Amino acid sequence: MSKSYADIIEESSGKKAFLLGNEAIARGAIEAGVQVAAVYPGTPASEIGDTLASVSKEADLYFEYSVNEKVALEVAAGASFIGLRAMTAMKHVGLNVASDTFMALAYSGVRGGLVLVSAGDPECFSSQNEQDNRYYSLFGNWPAVEPSNPQECKDFTKKAFNLSERFELPVMVHTVTRVSHSRGEVNLGPINKRRNKAQYVKDTSRFALLPANARKRHTWLLKRLEEVKRFSEETELTKIIHGDVKADTGIITSGISYDYVMDALNILGSRLPIMKIGMINPLPEKRLSSFLSEFSQIIVVEELEPFLETQIGALTSYEKMNIEILGKHSGHLPREGELSVSKVASAISKVLGKPSSITLGEIGKKSMEASKLLPPRPPVLCPGCPHRASFYAIKMATGGKAIYGSDIGCYSLGILPPQEVVDYLTCMGSGIGLSNGISHFADKPLIVTIGDSTFFHAGMPALVNAVYNRAKFVLIVLDNLVTAMTGHQPNPAVGISATGEEAPRVMIEDVAKACGVENVVVVDPFKVTEMRKAIRESVDSGKLSVIVARQVCTLQAVGGKRKRGEYVPTYYINEEACKDCKVCYKVFACPAISKNDQKQKPEIDTLQCLGCGVCAALCPYKAIKKREKEGSTKHGSV
């Protein structure tokens, strides 16, 4: 166990720890006595699984990285069915994958506490959409809570387990990137050492959701939700912050939006009363009505969709309350992107007709000035990344004259120049699925790329469909032997479990053959000539083909060598031999290589070079050489 995770299993109640929101969620689960956790990693939720995996042995916890979110939820639900406390965590779009199971679970209910953490991503920092998963809790009849800071992440998660067992319903903890990835001081509580006994008690009418059973369970669910609603009226998760007693305007908010509200009111010098909703489904309608009755207008502050605002508007309509609801429907707040202190302050200022003591223009100006001090950090494939070699081989083999499908992962960056070998990607596994539809009518060769983890996650069913329906394309599985983009978690192709132990290794080429693909080949993408040949031959065959481009993620490989004290070679450019043909830094585009404008020659940054050697193999003048272990070379450009 890493020392950085020591606070997660610290048994001293009352101690303070400086935790990431996701780490605090893990700590909350440990304090609640979680016994089983299964996740599929996805930003911004990844650290929850990483943390639990790191402390699983010390915490007497079964932990696994599942092949996708649906399976992860089912693993946790199965454990709950036999009485164990269980949890899963996923990014917002992961719940789309798990939704079939998610929608049915409230009908059967649970025995041991079952908690699902759904981490949203307003502003699409690492996602293909901004969907608001609070609606899933409403749609699926799951009680849901929403923390606003790391302390609440811990407390609300712990509360969610108790809530789940009390009402025999699964519970959602909803967060967003700014909550999951913020750090704060967290007061640690006692760790529940009690362990529920695993025991399966048969109850077919409850857990086998055939139509006759499901109809009865729906009735049970609606009655149970009424009990949860009564609980929401009294829970301390929702609180009122009293402000100016003469105020005619109040604010209703939840989650991270509460923090923006507090900062905005401080800037504006206002003390408006606030109702901070901690339990977002079901809403405490009686408490809401009581709060609403004190004002002539209410500002509802929330990110993305008008989830609270719409329900509050309906409530005022039902109860014939003469109150103006302001927020997204009124145009005061946007329905897209993250909120900010500036956006919230602007909305409140507009409603109150009160200018800020610090003008909003100044806030924006200071933000712009601060951003200029930061160096630009565009997304880019790492130096030595095997995907770059794969993309180079794809482009050289096809001359850029093909249709290129891809998927979700580091390799999504193949859309950027100079690679430009990604024309479409939608969601996990869709690269193969979309290509099934395109291939029957394509007027050009069709090349599809997918990662090893994504292949197991959602690629296999689409590949089976391609075989069955005679689709014709070349699928290149970029197997870097790790789930790289989310933090180097293992997957079935690696042969290592979530806890670092040896595990059965599932070979992608064997799976492809078992699916019925006849033309399957394994290549090393660092051997660019061989990979180009394999791509060309696969395209010319006119058959459905699978190429497994296998080379370990360079960060993983180099990190392992450094831990073992092994020498990591770097490369240099012999300036006398170099003709500045631009292949290394313009065409192959390794970020460790750039042109020295003074010398009018490229040079290799030894701090960035990770020694893959592909640039040396590609250089037409053989001007790139491996550096000797002892240090610099006579003709080296460092």
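The values are calculated or read from the model by the stated rules, or taken from the named source; none is laboratory data. Keep in mind that what you see is a predicted model, and the values were worked out from it rather than measured. Please note: Cβ atoms are built from the backbone with ideal geometry, for glycine as well, and neighbour counts cover all protein chains shown.
What to note about this one:
- Scanning the range 1-49 for residues that are hydroxyl-bearing (Ser, Thr, Tyr) and in contact (Cβ under 8 Å) with a residue 12 or more places away in the chain returns Ser2, Tyr5, Ser12, Ser13, Tyr40, Thr43, Ser46.
- For Cys427, the criteria (1) of a type outside the set (S, T, N, Q); (2) in contact (Cβ under 8 Å) with a residue 40 or more places away in the chain; (3) under 16 Å from Leu475 (Cα atoms) hold in every case but one, which is (3).
- Residue that is nearest to Asp479 (Cα to Cα) [pool: residues in the range 552-587 that are of a type in the set (Val, Ile, Thr) and in contact with a Leu (Cβ under 9 Å, 6 or more places away or on another chain)]: Val552
- Restricting Glu303, Glu294 to residues that are among the charged types (D, E, K, R), more than 14 Å from Arg178 (Cβ to Cβ), in the same structural domain as Ser349 (by TED's automatic domain parsing) and in a loop (DSSP other than H, G, I, E, B) narrows the list to Glu294.
- Of all residues in the range 438-474, those satisfying the criterion of being crowded, with 18+ Cβ neighbours inside 10 Å, assigned to a helix (DSSP H, G or I) and touching a residue at least 40 places away in the same chain (Cβ under 8 Å) are Asp452, Ser453, Thr454, Phe455, Phe456, His457, Ala458, Gly459, Met460, Leu463, Ala466.
- Within the range 563-610, tally of residues that are at positive phi and either in contact with a strand residue (DSSP E or B) (Cβ under 7 Å, 6 or more places away or on another chain) or among the β-branched types (Val, Ile, Thr) (or both): 1
- In summary, Ser80 fulfils each of the numbered conditions (1) assigned to a loop (DSSP other than H, G, I, E, B); (2) crowded, with 24+ Cβ neighbours inside 10 Å with the single exception of condition (1).
- Just one residue in the set Ala493, Ala498, Ala458 is of a type in the set (A, V, I, L, M, F, W, C), closer than 22 Å to Ile403 by Cβ and at pLDDT below 95; that residue is Ala458.
- Of the residues making up the range 508-537, those that are farther than 30 Å from Ala616 by Cβ and without any contact (Cβ under 8 Å) to a residue 24 or more places away in the chain are Asp510, Lys513, Ala514.
- Test: residue in the range 41-52 that is surrounded by fewer than 24 Cβ atoms within 10 Å (Cβ to Cβ) and farther than 22 Å from Gln151 by Cβ: yes
- Filtered residues of the range 266-294 (kept if more than 30 Å from Gly140 (Cβ to Cβ), in contact with a strand residue (DSSP E or B) (Cβ under 9 Å, 6 or more places away or on another chain) and crowded, with 20+ Cβ neighbours inside 10 Å): Leu272
- Residues of the range 549-573 that are among the β-branched types (Val, Ile, Thr) and out of contact with any Ser or Thr (no Cβ under 8 Å at 6 or more places or on another chain): Val552, Thr554, Val558, Val568.
- Inside the range 411-433, residues that are part of a helix (DSSP H, G or I), of a type in the set (A, V, I, L, M, F, W, C) and crowded, with 21+ Cβ neighbours inside 10 Å make up a count of 1.
- Inside the range 618-631, residues that are over 36 Å from the mean Cα position of the chain (by Cα) and either among the hydrophobic types (A, V, I, L, M, F, W, C) or part of a helix (DSSP H, G or I) (or both) make up a count of 3.
- Meets criteria (of a type in the set (Val, Ile, Thr), modelled with pLDDT of 95 or more and surrounded by 20 or more Cβ atoms within 10 Å (Cβ to Cβ)) for Val477: yes
- Of all residues assigned to the range 527-545, none qualifies as being modelled with pLDDT under 90 and either β-branched (Val, Ile, Thr) or farther than 23 Å from Ser406 by Cα (or both).
- Given (1) within 31 Å of the chain's Cα centre (by Cα); (2) touching a residue at least 60 places away in the same chain (Cβ under 8 Å), index of the condition Gly500 fails: (2)
- When the test is whether a residue is in contact with an Asp or Glu (Cβ under 8 Å, 6 or more places away or on another chain) and either over 18 Å from Ile403 (Cα atoms) or not β-branched (Val, Ile, Thr) (or both), Asn480 passes it.
- Answer residue from the range 306-342, given it is within 27 Å of the chain's Cα centre (by Cα), small (Gly, Ala, Ser) and assigned to a loop (DSSP other than H, G, I, E, B) and is surrounded by the fewest Cβ atoms within 10 Å (Cβ to Cβ) among those: Gly337
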